[in-house]
Amino acid sequence: MELIELNELTPSQKEEVIELWNREYPAKISLTGLAEFDQYLNSLLEPKHLVLLDTKQAIKGWLTYFFREGGQWFAILLDSSLQGQGWGTRILDLAKEKTTELHGWVIPDDGELKQNGEVYSSPLGFYVKNQFVIHPDIQSIKKDTLSIKISWQKPI
């Protein structure tokens, strides 16, 4: 596995991230294609991408960090076959090295169905383990899916 940082994703890398997104996130928040993903990426201010590649250069993990609402925000995806092996923490730790704060949204509950029919498992415990503060009172609902805010600050 190789972890690299990119300023931009190529069209083929975008397609791989879309496939990963649609495999790992609940079906309700799946992407319809490249146009919707480009619209999302174009809404981000100064995005950077951390990409986890396997030996065949296929994307197995992706984290983007960017500016929004006066702070540094992020989104992360990891292939379910690699979850629980430390790869998510490695990607997150690299983002933490490059920033002083990270804010994000997390689906707090299990139970949503993924496109393949499997049940989505909330990564809330992963973020607690990685020193994020959970803000259950700060919520967002998009595409009928509830998310709560999480945040991390670099220790002084």
Selection from segment 123-156 of residues that are free of Cβ contacts under 8 Å to residues at least 40 places away in the same chain, out of contact with any strand residue (DSSP E or B) (no Cβ under 7 Å at 6 or more places or on another chain) and assigned to a loop (DSSP other than H, G, I, E, B): 155, 156
Out of 9, 31, I need the residue that is part of a loop (DSSP other than H, G, I, E, B), more than 24 Å from residue 85 (Cα to Cα) and free of Cβ contacts under 8 Å to residues at least 24 places away in the same chain. Which one? 31
Which one of 137, 93 is farther than 26 Å from residue 48 by Cβ and modelled with pLDDT of 95 or more? 137
Of the residues in segment 88-110 that are assigned to a loop (DSSP other than H, G, I, E, B) and not aliphatic (A, V, I, L, M), the one that is surrounded by the fewest Cβ atoms within 10 Å (Cβ to Cβ) is 110
Among the residues of segment 111-122, are any at pLDDT 95 or above, part of a loop (DSSP other than H, G, I, E, B), within 17 Å of residue 21 (Cβ to Cβ) and acidic (Asp, Glu)? no
Among the residues of segment 133-147, which ones are more than 14 Å from the chain's Cα centre (by Cα) and buried (at least 16 other Cβ atoms within 10 Å of the Cβ)? 145
Return the only residue of 74, 67 being without any contact (Cβ under 8 Å) to a residue 24 or more places away in the chain, in contact with a strand residue (DSSP E or B) (Cβ under 6 Å, 6 or more places away or on another chain) and either of a type in the set (A, V, I, L, M, F, W, C) or farther than 18 Å from residue 15 by Cα (or both). 67
I'm checking my understanding of the structure. Among residues of segment 12-22 that are of a type in the set (S, T, N, Q) and in contact (Cβ under 8 Å) with a residue 40 or more places away in the chain, which one is farthest from residue 46 (Cα to Cα)? 22
Determine, yes or no, whether residue 52 is farther than 22 Å from residue 147 by Cα and buried (at least 17 other Cβ atoms within 10 Å of the Cβ). yes
Given the condition assigned to a loop (DSSP other than H, G, I, E, B), buried (at least 16 other Cβ atoms within 10 Å of the Cβ) and either modelled with pLDDT of 95 or more or touching a helix residue (DSSP H, G or I) at 6+ places or on another chain (Cβ under 9 Å) (or both), answer yes or no: does some residue in segment 57-78 qualify? no
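The values are calculated or read from the model by the stated rules, or taken from the named source; none is laboratory data. Since we're looking at a predicted model, the values are computed, not measured. Methodologically, a virtual Cβ is constructed for each residue, glycine included, from the backbone with ideal geometry; neighbour enumeration extends over all protein chains shown.
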